[in-house]
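Shown next, in structure tokens, is the structure this report addresses.
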Amino acid sequence: MQLQQLRYFLAVAETRHFTRAADAAHVAQPSLSQQIRALERELGAELFHRTRGNIALTDAGDALLPLARRILADTESARLAVQETVQLRRGRVRLGAPPSLCTSLVPDVLRVFRDRHPGVALMVREGGSRDLVRMLAAGELDLALIITPPSGETASALDVTELLHEELVLVARSAGGWRAEVRVADLRGRPLVMFREGYDLRETTLAACRAAGFEPEFAVEGGEMDAVLGFVRAGLGPAVLPGMVAARSGLAVTPFAGPGLGRTIAVAHGHEVPLTRAAAALRETVLAHLRDAARSGGLPPGTRLLLEP
């Protein structure tokens, strides 16, 4: 079994089309088909059902797919680890983070890391924590910032370090009509600007409102982080946001009365694949940045460091 054969198999499995897979793999279609056939002969099983206009995985193909992804991910990790130098002049880090952290914590961390290691390529994937956990387990990310506790069948395969407890706050175009502190119950009958489905913030807000005995109303829903901030600035309604995002938004911020709403942010990576030196350096940059911010008073009100000083 050759790595190139696994790459070709993965390309066909993802595109469900031999010609498109060949284009993606930059190889002639007959050569790709020959390699797939050779792989099937070696394994003693057909990997694809081949019918005109329809390519589907067989049971054997389904069994091979996650293993092929893992083998290729491990191979790439090994290649990158060998390429890295003592000075970390080369390498790559694939970081995942929720959109709310990509607009608050992540830019500051990446600026510090980039200043120290300008030769290391940075790749960032935005997504909900459930998707990020899945990508970590599949070897598609080296490191991820997630909201804990991590969920999903693969969560147990992660090494998770809690970083911060962050308060959620209410933001609006102006502070008019709100007290110095707001209760979740005060949101009853007040249409909110709401994130799209799949956002951790959406699920947290819905759960808090339901625990307070009501179903929230939406002025507009379905936005990403930038869209939600724009809708609030336009006066469409208030939104529940993390404190670190709210502090940079220029909007009127109202905290929730105790016990309030909050979330715990953690950094995670897979157990089975050791961190590359570049990924380990980025992880240490995250921890050092947060410790420095806590010592200097740079964390927003209500944000508490969970790391040892």
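The values are calculated or read from the model by the stated rules, or taken from the named source; none is laboratory data. Note that the structure is predicted; figures quoted are calculated from it, not measured. Here the Cβ positions follow ideal geometry from the backbone for every residue, glycine too, while neighbour counts run over all protein chains shown. Surface accessibility is based on the protein's heavy atoms, side chains included, excluding ligands, DNA and RNA. Shrake-Rupley method; radii C 1.70, N 1.55, O 1.52, S 1.80 Å.
For the reader, a short list of remarks on this structure follows.
- Amide H to amide H, with H built 1.01 Å from N, L143 comes under 5 Å of R94, G96, counting only residues 5 or more places away or on other chains.
- For the stretch 59-214, the solvent-accessible area works out to 47 Å² per residue, with a probe of 1.4 Å and every protein chain left in place.
- Distant-in-sequence amide contacts of F195, defined by a placed amide H-H separation under 5 Å and a gap of 5 or more residues or a different chain, comprise G222.
- Neighbourhood net charge (9 Å Cβ-Cβ; Lys/Arg +1, Asp/Glu -1) for P309: +1
- Of the chymotrypsin sites (Phe, Trp or Tyr not before Pro) found in the stretch 187-236, those in coil by DSSP whose Cβ has at most 15 other Cβ atoms within 10 Å are F214.
- Heavy-atom accessible area ranking, 1.4 Å probe, most first, across T19, T303: T19, T303
- In loop segments of the stretch 235-309 as defined by DSSP, there are no trypsin sites (Lys or Arg not before Pro) with at most 11 further C-beta atoms inside 10 Å of their C-beta.
- When the solvent-accessible area of the chain is split by element, carbon and sulfur atoms take up 50 percent of it, the probe being 1.4 Å.
- Prolate/oblate/rounded label for the stretch 55-151 (Cα gyration tensor, a/c 1.5): oblate
- Two-decimal Rg to Rh for the chain - Kirkwood Rh, Cα set: 1.06
- Centre separation in Å (Cα based) which lies between the stretch 1-54 and the stretch 62-79: 16
- Across the stretch 293-299, computed HN-Hα scalar couplings (Karplus, 6.51 cos²θ - 1.76 cosθ + 1.60, θ = phi - 60°) run 5, 5, 5, 8, x, x, 7 Hz from first to last residue, x flagging Gly and Pro.
- Derived scalar couplings ³J(HN,Hα) [the stretch 178-191; Karplus, 6.51 cos²θ - 1.76 cosθ + 1.60; whole Hz; x for Gly, Pro]: 10, 6, 5, 10, 10, 9, 4, 4, 5, 7, 4, x, 10, x
- Shape parameters for the stretch 220-309, alpha-carbon atoms, Rg then Dmax in Å: 16.7, 48
- Once the 1.4 Å probe is applied to the protein heavy atoms, the stretch 216-309 comes out at 45 Å² accessible per residue.
- Loop-located trypsin sites (Lys or Arg not before Pro) in the stretch 110-212 whose Cβ has at most 16 other Cβ within 10 Å (DSSP): R173, R179, R183, R188, R196
- Per-residue ³J(HN,Hα) for the stretch 66-72, Karplus 6.51 cos²θ - 1.76 cosθ + 1.60, θ = phi - 60°, Hz, x for Gly and Pro: x, 5, 4, 4, 5, 4, 5
- Computed on protein heavy atoms with a 1.4 Å probe, the accessible areas place H17, H271 in the order H271, H17, largest first.
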